[in-house]
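Asks: So that we are looking at the same thing, I have put the structure below in structure tokens.
The values are calculated or read from the model by the stated rules, or taken from the named source; none is laboratory data. Nothing here was measured: the structure is a model prediction, and the numbers come from that model. Cβ sites come from the backbone with ideal geometry, for glycine too, and all protein chains shown count toward neighbours.
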Amino acid sequence: MLFNSLTFLIFFVLVFILHRLMSSWAAQKRLLLLASYLFYAAWNPPYILILLFSTMLDWWLARVIWRCEDDRRRRKLLMLSLLSNLSLLGFFKYGSFLLANFQSALATFGILYQPPAMDIVLPVGISFYTFASLSYTIDVYRREIRGDWSFLDYALFVSFFPHLVAGPIVRAYQLLPQMTVPRRASADQLGWGLVLLVIGLWSKVVMADNIFAPIVDWVYEKPAAYGALDTWSAVLAFAGQIYYDFSGYSLCAIGIALCFGFEFPDNFRHPYAARGFSDFWRRWHISLSTWLRDYLYVPLGGNRSSAWLTQRNLLLTMLIGGLWHGASWMFVLWGGLHGMYLIIERAWRKRLGGRWTLRRNGFADALLTLGTFLVVALTWIPFRAPDWSVLSQVVSGLFRWDVPMRLESMAALVSLVAIAATVRWHFALRDCSLEAEFSRWGTVAQTATVAVCLIAIFLCSGGDERAFIYFQF
């Protein structure tokens, strides 16, 4: 059930009406829990059992950890939670990948091994709800949040349908306390929630699917046939597609939750205006980057150790972050590259000291921002390429200046103008939230913006419904 589908629109309206008609807070939560499981079952009904198992196990383990005073037993219970959740994630997401690589490794030694076919269907959203659930047991173990929440509250926290399948990765301390007090969206919350939903759908349907995706698909389907102009257009277009696709989903999720009175944290803060790569990861997929920081990078030692260990921690964190996105060496490469960028940037910051910020003027700031964006856009190539062959062909295509342009010139031009406008918009609003900027506009401008978005969505709808890119993770 896609946010950008008529089925979801009907589902959302029905759930919202029933929610508003109910006067009991417990009944409203039960309704949202049932709706969330129905939403998840729309993809593969048997897989709700995996979600339910993970939810029940972590809820029970957290309660035992919370009451237990024996540190050794508490650690064992936490390890049970980690092992159970990561084993499920590993089997469904990485089982086939690991088996294929094991088969290849044996083949290098002349051992032919033909394993049985593993037709594993990846449960949608398993990476997201696994990380959300793990944050709860870890925080309870650290005594940073209570572990005696009701099963209804905890189950709704894990499965609440706006963030269930593609985030943001809402943590227990952010959402569970909201479950204790009856929540009904105010007029302002409802209005802003619907605005976010419209902008999110516009980002997905118009920008990601109609302006950027065709350019990307054409070139990545047969990259050897295209020259430099076409390849550069596709690389920049994918930077636009991945941003509008994923930020569009996040805006939809935040807006839908707000319509029911729940507040989610922002997941994007104008990432293409980043000054450097550490700044980029403070702005891109914030819920994942902060999760990796708090539950992986810091426990490994963070930057509190020697320079070598800090570099190791950065690289390992980004490699795991890349692998989180999918069972492919392409994602490992993408994460590893970002890890190297962070290591190099950290070394330069240490070498320059205060001059990193003190000597930066407007021109240097713009140059640093554009340079960061260009490297990020190029690093999206392994993220988009399905294998090494496509990756090498796209990279070599960046330098094939002797091949004439084959893309439709107007479509390529619109795509390039759109990504340039996006970077300029991010640069202008680097330190301003979308809500703050929108609130500055007058009523006429606000109404016109929403109307234009709705018209554009209507005009661009009716074709193939593309799933959000992050559904595969």
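Asks: Name the single residue that is farthest from residue 98 (Cα to Cα) among those in segment 293-327 being among the small types (Gly, Ala, Ser) and either in the same structural domain as residue 142 (by TED's automatic domain parsing) or crowded, with 17+ Cβ neighbours inside 10 Å (or both).
Replies: For segment 293-327, the residue satisfying everything is 321.
Asks: Within segment 43-65, can one find any residue that is surrounded by 16 or more Cβ atoms within 10 Å (Cβ to Cβ), among the basic types (Lys, Arg) and either in contact with a helix residue (DSSP H, G or I) (Cβ under 7 Å, 6 or more places away or on another chain) or within 30 Å of residue 204 (Cα to Cα) (or both)?
Replies: no
Asks: Filter segment 328-359 down to residues that are surrounded by fewer than 14 Cβ atoms within 10 Å (Cβ to Cβ) and β-branched (Val, Ile, Thr) and give me whichever is modelled with the lowest pLDDT.
Replies: Step by step, filter segment 328-359, then rank; the result is 357.
Asks: Could you tell me whether residue 92 is in contact with a Pro (Cβ under 9 Å, 6 or more places away or on another chain), hydrophobic (A, V, I, L, M, F, W, C), loosely packed, with under 13 Cβ neighbours inside 10 Å and in a helix (DSSP H, G or I)?
Replies: So residue 92 does not fit the description; no.
Asks: Another one. Any idea how many residues of segment 1-42 are touching a helix residue (DSSP H, G or I) at 6+ places or on another chain (Cβ under 8 Å), over 17 Å from residue 253 (Cβ atoms) and not in a helix (DSSP H, G or I)?
Replies: Matching residues across segment 1-42 total 1.
Asks: Inside segment 215-234, can you point out the residues that are in a loop (DSSP other than H, G, I, E, B) and under 21 Å from residue 379 (Cβ atoms)?
Replies: If the condition is that a residue be in a loop (DSSP other than H, G, I, E, B) and under 21 Å from residue 379 (Cβ atoms), then 226 is the only one that fits.
Asks: If we scan segment 32-42, do we find a residue that is over 16 Å from residue 159 (Cα atoms), without any contact (Cβ under 8 Å) to a residue 40 or more places away in the chain and not assigned by TED's automatic domain parsing to the domain that holds residue 457?
Replies: No: zero hits.
Asks: Could you say which residue among 212, 262 is at pLDDT 95 or above, in a loop (DSSP other than H, G, I, E, B) and assigned by TED's automatic domain parsing to the domain that holds residue 325?
Replies: None of the other options fit; the residue is 262.
Asks: Related question: Residues 286, 256: which one is β-branched (Val, Ile, Thr), more than 23 Å from residue 398 (Cβ to Cβ) and crowded, with 22+ Cβ neighbours inside 10 Å?
Replies: Criteria check complete, one pass: 256.
Asks: Residue check: is residue 322 of a type in the set (Gly, Ala, Ser) and within 21 Å of residue 284 (Cα to Cα)?
Replies: Taking the combined requirement at face value, the residue satisfies it.
Asks: Taking segment 166-199 only, how many residues are among the small types (Gly, Ala, Ser) and touching a Phe, Trp or Tyr at 6+ places or on another chain (Cβ under 7 Å)?
Replies: So the answer is 4.
Asks: Still on this structure: Looking at segment 122-138, is at least one residue exposed (fewer than 13 other Cβ atoms within 10 Å of the Cβ), of a type outside the set (S, T, N, Q) and farther than 22 Å from residue 1 by Cα?
Replies: no
Asks: For the condition loosely packed, with under 15 Cβ neighbours inside 10 Å and on the phi < 0 side of the Ramachandran plot, what is the one hit in 415, 389?
Replies: Result: 389 is the single residue among 415, 389 that is loosely packed, with under 15 Cβ neighbours inside 10 Å and on the phi < 0 side of the Ramachandran plot.
Asks: Where the second residue is charged (D, E, K, R) and surrounded by fewer than 24 Cβ atoms within 10 Å (Cβ to Cβ) and the first is not assigned by TED's automatic domain parsing to the domain that holds residue 247 and lies in segment 159-173, which pairs have Cβ atoms under 6 Å and are six or more apart or on separate chains?
Replies: Cβ pairs passing all conditions: 172/139.
Asks: Within segment 162-192, track down each residue that is under 18 Å from residue 19 (Cβ atoms) and either in contact with a Lys or Arg (Cβ under 8 Å, 6 or more places away or on another chain) or crowded, with 24+ Cβ neighbours inside 10 Å (or both).
Replies: Within segment 162-192, 162, 163, 179, 184 meet the criteria.
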